[in-house]
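The values are calculated or read from the model by the stated rules, or taken from the named source; none is laboratory data. Here the structure is a predicted model, which means the values were calculated and not measured. Cβ: placed from backbone, ideal geometry, glycine included. Neighbour counts: every protein chain shown.
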Amino acid sequence: MTRDDLIAAFAAHAEADPRVLALLLGGSLGAGGGDAYSDADLIVVLAPEHHGAFVEQVRAWAGEIAAPVLWRQVYPGLPLFHAITPGWIRFDITVTVPGRVTGARAGLKPLFDRAGVWDALPERMEPRSIDPAKLEAMIVEFLRVMGLLVVGMGRREYVLGITGVGLLRGLLIELMIAETRPPLPPGALHLADILPPADIDTLAGLPHAAADRASVIVANLVLAELFLPRARALARQVGAVWPDAFEAATRAHLRRDLGLELPEALLADSN
């Protein structure tokens, strides 16, 4: 069974189930894009009276089409499930009700719709606003990981230092994505479709830390030089509170224990 076969089979399965009001295809495929590696993001829409029972039965319901070798609920309490078939076809199932479908007509494809669920959606979604509190938490976490460089280098835990570099790189990517204000949270494997080419080039050019003191330190400093000025600018735009005291303490910590100075570019006026 191919991915397209699986999608068609789910569409027929949903249409034959009187509880299902609509089956929509989301993700990159639903938006008219995607490629051979894209998964199938399926949105099952039911009347509210059938929702709870269907959530309890959705694995068995999906198994009638493709018994998964991996099945997991993504977030406890939320009816979003990830699955992988024996042939390693990936599909997600979200179970929802009319009026609670996240998305717009431009980003969703109706596979089956007996209740006009797709027609009731907005044509397009507005760019997402940035939550100042989430941005503040991201900045604090970046500084915290930077400060832990002292611990890693003091213990000569250079392998763990590489892990820290990965955490900082992930936060830089998260910041870059936030700057684009995507209408919906992007797929984890679609970075090149989200970020501008200049950001992709920046990420591709990041130094690769080896398990030694010098390269771990260099990687940390390069990431700090990239992340903090951009984070400061974005914080100004959205009204996020900059953690001045924590930044100052982290600078002093790195200076005192490792003799490191964060790049001067980070000292730009934050007003």
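Could you tell me whether Pro68 is farther than 30 Å from Met176 by Cβ, outside the structural domain of Arg232 (by TED's automatic domain parsing), touching a Lys or Arg at 6+ places or on another chain (Cβ under 8 Å) and free of Cβ contacts under 8 Å to residues at least 40 places away in the same chain? Against the criterion (farther than 30 Å from Met176 by Cβ, outside the structural domain of Arg232 (by TED's automatic domain parsing), touching a Lys or Arg at 6+ places or on another chain (Cβ under 8 Å) and free of Cβ contacts under 8 Å to residues at least 40 places away in the same chain), Pro68 qualifies.
Being farther than 28 Å from Pro182 by Cα and out of contact with any Cys (no Cβ under 7 Å at 6 or more places or on another chain) narrows it down to one residue among Gly63, Gly26, Gly30; which is it? Gly63 is the lone residue from the list that is farther than 28 Å from Pro182 by Cα and out of contact with any Cys (no Cβ under 7 Å at 6 or more places or on another chain). Within the stretch 49-84, being among the basic types (Lys, Arg) and either buried (at least 17 other Cβ atoms within 10 Å of the Cβ) or within 23 Å of Pro98 (Cα to Cα) (or both) holds for one residue alone: Arg59. Is at least one residue of the stretch 219-233 out of contact with any helix residue (DSSP H, G or I) (no Cβ under 8 Å at 6 or more places or on another chain), without any contact (Cβ under 8 Å) to a residue 40 or more places away in the chain and more than 30 Å from Leu108 (Cα to Cα)? The answer is yes, given that some residue of the stretch 219-233 is out of contact with any helix residue (DSSP H, G or I) (no Cβ under 8 Å at 6 or more places or on another chain), without any contact (Cβ under 8 Å) to a residue 40 or more places away in the chain and more than 30 Å from Leu108 (Cα to Cα). Of all the residues in the stretch 109-125, those that are in contact with a strand residue (DSSP E or B) (Cβ under 7 Å, 6 or more places away or on another chain) and outside any strand (DSSP E or B) number 4.
Within the set Arg169, Arg128, the sole residue that is outside any loop (DSSP other than H, G, I, E, B), out of contact with any helix residue (DSSP H, G or I) (no Cβ under 6 Å at 6 or more places or on another chain) and of a type in the set (Lys, Arg) turns out to be Arg169. The C-beta contact set for the stretch 238-264 (first residue part of a loop (DSSP other than H, G, I, E, B), second residue of a type in the set (A, V, I, L, M) and at pLDDT 95 or above, distance under 6 angstrom, 6+ apart or interchain) comprises Ala240/Leu135; Trp242/Ala235; Pro243/Val140; Leu260/Leu254; Leu262/Ala224.
Tell me the residue from Thr94, Thr102 that is assigned by TED's automatic domain parsing to the domain that holds Asp17, at pLDDT 95 or above and of a type in the set (Ser, Thr, Tyr), please. Outline the logic, then answer.
On the way: Thr102 fails: at pLDDT 95 or above.
Going through Thr94, Thr102 in turn, just one is assigned by TED's automatic domain parsing to the domain that holds Asp17, at pLDDT 95 or above and of a type in the set (Ser, Thr, Tyr): Thr94.
Okay, residues lined up against (1) in a strand (DSSP E or B); (2) of a type outside the set (A, V, I, L, M):
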| site | (1), (2) |
| --- | --- |
| Pro68 | no, yes |
| Arg72 | yes, yes |
| Gly77 | no, yes |
| Val95 | yes, no |
| Pro98 | no, yes |
| Val101 | no, no |
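Here Thr163 passes the criteria (1) surrounded by 15 or more Cβ atoms within 10 Å (Cβ to Cβ); (2) more than 30 Å from Gly34 (Cβ to Cβ) except the one numbered (1).
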